[in-house]
Each structure stands twice: as C-alpha cells, then as structure tokens.
1. For the range 29-42: of the residues being within 16 Å of the chain's Cα centre (by Cα) and either surrounded by fewer than 24 Cβ atoms within 10 Å (Cβ to Cβ) or not aliphatic (A, V, I, L, M) (or both), which is farthest from Y164 (Cα to Cα)?
2. Given the criterion surrounded by fewer than 21 Cβ atoms within 10 Å (Cβ to Cβ) and out of contact with any Pro (no Cβ under 7 Å at 6 or more places or on another chain), identify the matching residue among T56, T75.
3. Tell me, yes or no, whether the range 45-52 has at least one residue that is surrounded by fewer than 21 Cβ atoms within 10 Å (Cβ to Cβ), farther than 21 Å from M166 by Cβ and of a type in the set (G, A, S).
4. If you check M160, M190, which single one turns out to be crowded, with 21+ Cβ neighbours inside 10 Å and either modelled with pLDDT of 95 or more or more than 30 Å from N45 (Cα to Cα) (or both)?
5. Looking only at the range 163-187, count how many residues are aromatic (F, W, Y) and buried (at least 17 other Cβ atoms within 10 Å of the Cβ).
6. Could you run through the range 82-133 and say how many residues are under 15 Å from the mean Cα position of the chain (by Cα), under 23 Å from K68 (Cα atoms) and surrounded by fewer than 19 Cβ atoms within 10 Å (Cβ to Cβ)?
7. So which of S46, S58, S82 ends up being out of contact with any strand residue (DSSP E or B) (no Cβ under 9 Å at 6 or more places or on another chain) and on the phi > 0 side of the Ramachandran plot?
8. Which residue out of E51, E40, E65, E84 is free of Cβ contacts under 8 Å to residues at least 24 places away in the same chain and either charged (D, E, K, R) or over 25 Å from K212 (Cα atoms) (or both)?
Amino acid sequence: MKLIQLEKTMSEKLINILSKIKIVPVAVFDDPDDALRITEILMTNSIGLIEITLRTGSAYKCIEEVAKKYPRIITGAGSVLSKESLKTAFNSGAKFAVSPSLDTELIDHAETVGIPFIPGIATPSELNTALKRSDIVKIFPAGQLGGASYIRSITAPFKMKDFYLMPTGGINETNCKDYLELEKVIACGMSYITDSRLIKNGDFNLIEKRIKNITSLVKDTLIV
C-alpha cells in the first residue's frame, strides 16, 4: 500500500504520522495537568500524537491545554458520539476525531467542520459502509471481537480496496505486533500505555516504561 508523502492536508498528515509511529495513545484525563504531563512524556519518546477521549467533564479543557502548549503534537478527540461534541472538540483544538461506532451523520458533519474523522466498526457490513466514506477505519473492541485473526477474516473480502485500519481495545505489549503485521493495519489505538489507573495514582514512571517498551517493539514493523 502506497503511503502519502506530501502533507498537503490534515488527513494526509494524519495518515503520514500514523504510518510512522504505529501507535495511538488513547487517554482519559480528569486533570489538564495530567494531560500535559503525559503529552510531554510522549513527545520525549517521539510520539507526536495523542487521542484524548471525551469521557470526562474536563476532556475539552485537556484538549485545549495540550493543543496550546504543544502545538507540534497532533491532538485528537476520542469517543466522539454527537455533532455537538465533534464541533466542541474541534473548537478546543482537536485536529482529528475518533468514534467507537459508525454514524454517517457524524461523518457528514466532520466533512462540514473540516476535521479528519475515523469511524468505528465491528462487522463486515459496517466496514463496507465505512469504506464508502473513510480512508481510515477503527475496529473496536478489537481484542474482544477476536483479535488479529478476526481482523484478518473480516478484511479478506475487501483485499482489493485501498484503506487503513486502526484496531483499538485490548492491545498491549504482548499482542501489538500481531496486529501491526496485518496488511491493512496502519496503527493501533492503545489505552495500555496511558492507563487511567496509573495516571490517577501518579505512576508516571511506569507509564513511561510502557511507552518505551511499546516503541521498541514496533520498530521492527515500521514502514521505511
């Protein structure tokens, strides 16, 4: 699959960086200070992207603070479920948005707003619908659906189509390479490296250790 080289649009830039870093840190934050701390650790380890999920009341503020203090990192919004949340995330500084489900109205609204949008799917029918509108599709919850073998099966009928997958859910050090070795997978969404329990406990050393371990593991799968 030919990866886009020229970063003329944010969608192209997103595809470009996903093809390089191979992982998308998926984080839940209650405190903007924690969001800034984690972002600093990610950037120190050459991860220039973060997905901040809209699962707390402070999520928009976290997106705003990260986008303001670290403009070089691509800050995205996750768990986007409505037009209102998509627009608010965009106005807060999100450069891309991710949903756990397939909502064609949201895809339409994302195009109107002008933000790259990654819909979520779990079945062949949903994948077929998503591919009519999206270049990157999230498979969620990947681990619970059957892992890499399920993705291999679900994508087989679509082998001749040109698209990218971002499996998310249940991915960690022990199985991330299994996913990244699949033909259509461009990157894996991972909450494992930004575990909310570790963040709440202030265990940033363990978080950084996980990040370093994962980045080391994925080096062998990077596309040159």
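The values are calculated or read from the model by the stated rules, or taken from the named source; none is laboratory data. Values in this document were obtained by computation on a predicted structure and should not be read as measured data. A quick note on method: Cβ atoms are made from the backbone with ideal geometry, for glycine too, and the neighbour counts reach across all protein chains shown.
1. Among those that are within 16 Å of the chain's Cα centre (by Cα) and either surrounded by fewer than 24 Cβ atoms within 10 Å (Cβ to Cβ) or not aliphatic (A, V, I, L, M) (or both), it is F29.
2. Values: T75 fails: surrounded by fewer than 21 Cβ atoms within 10 Å (Cβ to Cβ).
Answer to the check: T56.
3. no
4. Details: M160 fails: crowded, with 21+ Cβ neighbours inside 10 Å.
Exactly one of M160, M190 is crowded, with 21+ Cβ neighbours inside 10 Å and either modelled with pLDDT of 95 or more or more than 30 Å from N45 (Cα to Cα) (or both), namely M190.
5. Going through the range 163-187, the residues aromatic (F, W, Y) turn out to be 163-164, 179.
After this cut, where a residue has to be buried (at least 17 other Cβ atoms within 10 Å of the Cβ) as well, the list is 164, 179.
Residues meeting the conditions: 2.
6. Total satisfying the criteria: 0.
7. Working: S58 fails: on the phi > 0 side of the Ramachandran plot; S82 fails: on the phi > 0 side of the Ramachandran plot.
Exactly one of S46, S58, S82 is out of contact with any strand residue (DSSP E or B) (no Cβ under 9 Å at 6 or more places or on another chain) and on the phi > 0 side of the Ramachandran plot, namely S46.
8. Working: E51 fails: free of Cβ contacts under 8 Å to residues at least 24 places away in the same chain; E40 fails: free of Cβ contacts under 8 Å to residues at least 24 places away in the same chain; E65 fails: free of Cβ contacts under 8 Å to residues at least 24 places away in the same chain.
That would be E84, the only listed residue that is free of Cβ contacts under 8 Å to residues at least 24 places away in the same chain and either charged (D, E, K, R) or over 25 Å from K212 (Cα atoms) (or both).
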